[in-house]
Amino acid sequence: MNFNQKNSFVKRHIGPTESEQSQMLQSLGYSQLDALLADIIPDAIKNSNVLAATDGVSEEQALAELKALAQKNQIFSSHIGQGYYPTHTPAPILRNLLENPAWYTAYTPYQPEISQGRLEALFNFQTLISDLTALPISNASLLDEATACAEAMTFCKRLSKNKTAQQFFASKHCHPQTLAVLHTRAAPLGIEVVVGDEFELSNFDAFFGVLLQYPASTGAVHDYAALVEQAHSVGALVAVSADLLALTMLKAPGEWGADVAIGTAQRFGVPMGFGGPHAAYFATKDAYKRDMPGRVVGLSVDRLGKPALRLALQTREQHIRREKATSNICTAQVLLANIASMFAVYHGPKGLKQIAERVHAITAILAQGLKQLGVSVLNSSYFDTLTIQVTDAATLHQQARQQRINLREIDVQHVGISLDETTMPEQVVVLWALFAKDQSLPSFDKLSAEVSTQLPKNLLRNSAILTHAVFNRYHSETELMRYLRQLADKDLALDRSMIPLGSCTMKLNAASEMLPITWPEFSQLHPFAPIEQAQGYVAMIAQLKEMLCAATGYDAISLQPNAGSQGEYAGLLAIRDYHISRGEGQRNICLIPQSAHGTNPATASMAGMKVVVVACDDNGNVDVADLTAKAEQHSSHLAALMITYPSTHGVFEHAVVEICDLIHAHGGQVYIDGANMNAMVGLCAPGQFGGDVSHLNLHKTFCIPHGGGGPGVGPIGVKAHLKAFMPGHQQHLDRSVGAVSAAPFGSASILPITWMYIRMMGGKGLKQASSVAILNANYIAKRLSAAYPVLYSGDKGLVAHECILDVRGFKEQCGITVDDIAKRLIDFGFHAPTMSFPVAGTLMVEPTESESLYELERFIAAMLKIAEEIAQVTDQRLDANDNPLKNAPHIAEELAGEWTHPYTRQQAVYPLPSLLANKYWPAVGRVDNVYGDRNLVCACPSISAYEDE
Ligand SMILES: *Cc1c(COP(=O)(O)O)cnc(C)c1O
């Protein structure tokens with residue numbers, strides 16, 4: 001007997017057993033997996049051997065190793081502030097939402113009928129934001145505060161009436177990380193960011209927009225009403241980054257005229273996590289709603305006239321508008337927005353106000369005590385943050401650290417202290433002691449009886465907050481628990497069935513991978529804590545970078561971008577800066593194949609590049625002749641080619657090496673979109689076959705859950721020559737310019753998920769995962785090919801890790817559309833495959849390696865049954881309009897009413913007998929998209945609106 005722990009994780013992660021794999025291979029005409037792969041992956045790129053054939057370790061061992069690293073992090077009391085605060089995540093939200101696969105394994109709610117639960121939670125988030133900011137339209141989250149401010153900047157540029165202005169004014173009292181990201185984002189667009197004191201500004205003529213921080217980074221609370229009027233008088237727009245907790249007590253930006261409010265929802269129950277992930281928010285006036293970045297949940301109706309939620313205004317997004325899109329944001333921060341929204345649901349208006357009042361009062365007590373001790377507190381007004389003048393900041397910080405306290409380092413003579421929901425009286429006394437020298441300490445109790453509000457009287461909020469029913473009901477734990485369960489039950493996530501979404505790679509998010517993210521050693525660190533305290537992170541990050549270099553063949557990795565779109569941006573900026581560094585700043589053309597994901601062209605234009613579209617040939621490959629012609633035509637101005645590999649058509653293109661060589665010969669750089677890395681890890685490496693830079697989606701290939709539409713991590717890998725042009729950060733990174741995220745390591749607290757995955761799989765397991773992902777896709781393609789033509793395949797008739805089913809013919813044949821099939825799948829308990837990307841009217845299926853043969857067969861059975869139903873519509877055994885496909889999905893209520901359809905109830909909801917044992921009931925019928933966009937409603941109606949009815 002072998003008493004060493006055996007690694008069984010690879011078998012837990014990969015769905016089909018070895019014998020099932022053999023069976024599937026046989027049906028494809030192969031006896032060995034290697035032989036199948038040999039016929040799919042071009043020789044020219046194969047066997048790169050960058051990933052060592054190592055074994056993984058057991059779940060227990062990986063957890064123990066990671067725990068040892070985590071314990072190198074030191075958790076000090078954080079009073080750094082700067083947009084990041086300690087917070088109590090309510091236990092029922094932690095357990096029933098953050099740690100619940102029903103919430104974290106869900107996909108972005110593009111299929112509204114199976115997403116009503118998370119859509120409702122997001123709708124609550126929008127309501128919360130809209131209410132606290134007093135601006136009627138809010139989106140469903142952005143990536144972080146700094147990038148939200150950058151989105152606000154370009155938003156102001158689009159909408160300002162001061163059309164010729166090229167300057168954006170940013171208050172010097174914005175958080176430094178925000179100013180850094182603004183500078184990065186402004187440069188390629190020819191925008192000049194002017195940083196200054198807003199109260200010294202005499203006129204706004206030169207500016208299209210203004211950014212303020214409320215309360216200011218220093219803690220001060222200013223009245224901006226007059227300033228807003230001045231800015232408006234020249235047609236400039238005013239954006240304000242506002243603290244949500246402070247807004248429960250302060251007059252809202254919308255009440256003093258701001259056009260846009262942005263900020264972070266972190267302190268609403270989301271741990272700091274060394275920088276993220278957290279939800280940022282964006283709210284604006286009704287007139288500007290069509291220009292808002294990010295996703296918006298809107299209210300519409302379903303087929304039966306029942307209210308139903310859905311993602312609204314998608315026509316302004318990248319997949320439609322390409323390089324003219326309002327933003328490149330795709331994956332956002334849904335899970336974190338939902339935590340923040342539930343924090344507000346649980347505490348309610350009174351509870352939130354109490355938290356805010358307590359934070360403010362304890363800050364006032366601290367300030368009063370400091371003044372008694374003769375300390376120079378500079379702000380006359382504040383909510384939770386004090387700026388203090390000292391003679392020797394360095395010594396003070398040193399003494400503070402001896403007490404395991406971090407203060408904000410402003411400069412040699414100034415320190416900042418921020419308090420929060422978790423601050424206890426004892427901590428205030430310890431803070432006093434730091435400044436007391438030999439004086440006796442003030443009495444907390446005495447001061448607490450004396451202090452009054454330090455907010456300017458004219459800025460106190462008079463309007464009610466959160467009057468909507470949802471914020472006034474679920475205040476007991478029992479009620480909240482049931483509400484979360486009720487919402488989760490409406491949704492279809494990976495905990496119910498496979499989600500075969502091409503390009504999105506919905507694979508297992510293993511429990512062992514998820515455990516570490518809520519360890520306090522990872523979750524409680526402030527992103528700007530001194531690096532000595534983050535040695536666990538430093539070590540984990542270094543190892544992860546090494547792992548990802550080995551998986552991709554690149555020389556260096558930046559983990560800062562917090563979604564794929566942001567990785568694309570960081571990658572294209574690296575290319576841009578590289579060209580500039582060589583005196584070739586004129587290179588601004590970005591070639592992008594027709595079939596590219598919408599984020600690619602949207603990102604290229606953010607990076608100041610001009611998009612030139614390259615055609616695809618009949619087989620779905622890049623049209624090499626067209627590419628050659630365009631590369632030649634633009635040779636001296638060619639900046640980059642952006643391609644996805646394997647292609648978005650799900651094929652390993654043979655010409656990829658030739659294509660990369662061609663671009664290099666013209667002086668361009670090759671950006672390989674790594675969203676399809678799940679077909680390549682261990683089999684071939686983009687850094688080896690011609691890529692100069694790629695992003696990875698750790699939330700696709702590397703097991704971070706999609707969270708219902710975020711969080712994500714979009715690191716970039718680069719070849720050595722681009723290393724110097726990767727994102728920098730003023731904190732913890734050797735380069736201070738070029739930050740693309742607020743925090744130096746982006747969404748650091750979810751990196752342990754990927755670390756665990758790679759450590760448990762080892763090089764061998766990862767290679768096997770890619771191989772089985774390809775096997776699963778080919779098995780499905782083969783089994784479905786008689787019923788649904790597979791649109792593209794390689795020269796041996798095989799696909800990569802996904803396949804496009806061409807259902808366009810049915811429309812002419814019998815009127816059945818891709819939508820009908822997608823919605824009918826819901827009646828079978830499945831999430832639809834990716835719809836209409838990359839080819840309109842088709843379905844793209846990606847099973848991933850995590851799905852067992854049993855589950856693949858269930859999906860195949862559903863698809864074949866649907867094909868049968870289509871055939872029945874074609875030969876008129878089913879009515880052309882009143883049939884199970886057109887009416888899908890069917891909801892329970894409909895069965896209870898009068899049944900008028902020419903097919904049976906049984907046919908409607910139990911089309912396969914196996915469904916009798918396991919049936920998913922959607923909460924609403926097919927949602928009307930057009931109605932929702934025409935009658936846009938983005939927040940819960942207030943109770944008074946109900947009363948009016
Ligand atoms: C998912 C995806 C992206 C965008 O990634 P996000 O993380 O959603 O920003 C880009 N390209 C392709 C091909 C994708 O599938």
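Values quoted throughout were computed directly from the atomic coordinates according to the rules given, and no laboratory measurement underlies them. Everything numeric in this text was worked out from a predicted model, so none of it was measured. Quick reminder, even Gly has a Cβ in these numbers, built from the backbone with ideal geometry, and neighbours come from all protein chains shown.
Kirkwood Rh, segment 362-456, all Cα pairs: how many Å?
13.4
Going toward the positive end of the dipole of segment 298-428, with +1 on Lys and Arg Cβ and -1 on Asp and Glu Cβ, which of Val412, Ala325, Thr423 do you reach last?
Ala325
Counting pairwise Cα distances across the chain, what percent come out greater than 55 angstrom?
Counting every Cα pair in the chain, those more than 55 Å apart make up 12 percent.
Using per-residue counts of other Cβ atoms within 10 Å, averaged over each peptide, order 310-320, 926-936 from highest down.
Final packing ranking: 310-320, 926-936.
Just to confirm a number: summing +1 for Lys and Arg and -1 for Asp and Glu over residues other than Arg783 whose beta-carbon lies under 14 angstrom from that of Arg783, what do you get?
-1
Can you pull the one-decimal nm distance between simple spin-label points at Tyr931 and Gln389, each 7 Å off the Cα toward Cβ?
Label-label distance for Tyr931 and Gln389, simple model: 6.4 nm.
Based on Cβ point charges of +1 for Lys and Arg and -1 for Asp and Glu, what charge dipole magnitude is obtained for segment 362-456 about its Cα centre, in debye rounded to the nearest 20?
Using Cβ point charges on Lys, Arg, Asp and Glu, segment 362-456 gives about 160 debye.
In debye to the nearest 20, how big a dipole does segment 205-297 give about its Cα centre with +1 on each Lys and Arg Cβ and -1 on each Asp and Glu Cβ?
Approximately 380 debye in magnitude.
For the charge dipole of segment 722-816, defined by +1 on Lys and Arg C-beta atoms and -1 on Asp and Glu C-beta atoms about the Cα centroid, which residue among Ser771, Met726, Cys803 has the Cα displaced farthest towards the positive pole?
Working it through, the farthest residue towards the positive pole turns out to be Ser771.
Could you order the peptides 133-139, 532-538, 704-710 from most to least packed, using the average number of other C-beta atoms within 10 Å per residue?
Averaged packing, sorted descending, gives the order 704-710, 133-139, 532-538.
Given Cβ point charges of +1 (Lys, Arg) and -1 (Asp, Glu) and nothing else, what value in debye, to the nearest 20, does the dipole of the chain about its Cα centre take?
Roughly 620 debye for the chain.
Over segment 617-721, with a single point scatterer placed on each C-alpha, what log10 of the ratio I(q)/I(0) does the Debye formula yield at q = 0.10 1/Å?
-0.30
Where a ≥ b ≥ c are the square roots of the eigenvalues of the C-alpha gyration tensor, would you call segment 807-932 rounded, which needs a/c under 1.5, or, failing that, prolate if a/b is larger than b/c, or oblate?
Rounded shape, in that the Cα axes give a/c under 1.5.
Extending each Cα 7 Å along its Cβ direction at Gln403 and Val429, get the distance between those two points in nm, one decimal.
In this crude spin-label approximation the distance works out to 1.2 nm.
What angle do you read, to the nearest 10 degrees and between 0 and 90, between the alpha-carbon axis of helix 477-489 and the longest principal axis of the chain?
The angle comes out at about 30 degrees.
Just to confirm a number: summing +1 for Lys and Arg and -1 for Asp and Glu over residues other than Ala739 whose beta-carbon lies under 12 angstrom from that of Ala739, what do you get?
Counting the neighbours of Ala739, the net charge comes to +1.
For the chain, what is the calculated [θ] at 222 nm in deg cm²/dmol (nearest 500), taking -39500 (n - 2.57) for each run of four or more DSSP H residues and dividing by its residue count?
-11000 deg cm²/dmol
Apply the a/c threshold of 1.5 to the C-alpha gyration tensor of segment 813-857 and tell me whether it is rounded, prolate or oblate.
Cα axes put segment 813-857 in the oblate bin.
Note the angle between two axes, namely the Cα long axis of helix 624-633 and the longest principal axis of the Cα atoms of the chain, as a number of degrees from 0 to 90, rounded to the nearest 10.
Computed tilt is about 40 degrees.
Looking at the chain, what % of its DSSP beta bridges pair antiparallel, to the nearest 5?
Beta bridges within the chain, antiparallel portion: roughly 50 percent.
Amide H to amide H under 5 Å from Val194: which residues, 5+ apart in sequence or cross-chain, H placed 1.01 Å off N in plane?
Close amide H contacts, sequence-distant or interchain: Phe168, Phe169, Ala170.
Under a Cβ-Cβ cut-off of 10 Å, what is the net charge of the residues other than Ala511 that fall near it, where Lys and Arg count +1 and Asp and Glu count -1?
Neighbourhood net charge equals -2.
Taking Cα pairs under 8 Å and at least six residues apart, what relative contact order does the chain come out at, in percent?
Once divided by the residue count of the chain, the mean separation gives 20 percent.
Wrap a convex hull around the Cα atoms of segment 534-639, take a quarter of its surface area, and give that in square nanometres.
The number I arrive at for segment 534-639 is 8.5 nm².
Quick check: the angle from helix 656-665's long axis to the longest principal axis of the chain, C-alpha only, nearest 10 degrees?
Approximately 50 degrees, to the nearest ten.
Using the per-residue mean of other Cβ atoms lying within 10 Å as a proxy for protection, in what order, highest first, do the peptides 627-635, 106-114 fall?
106-114, 627-635
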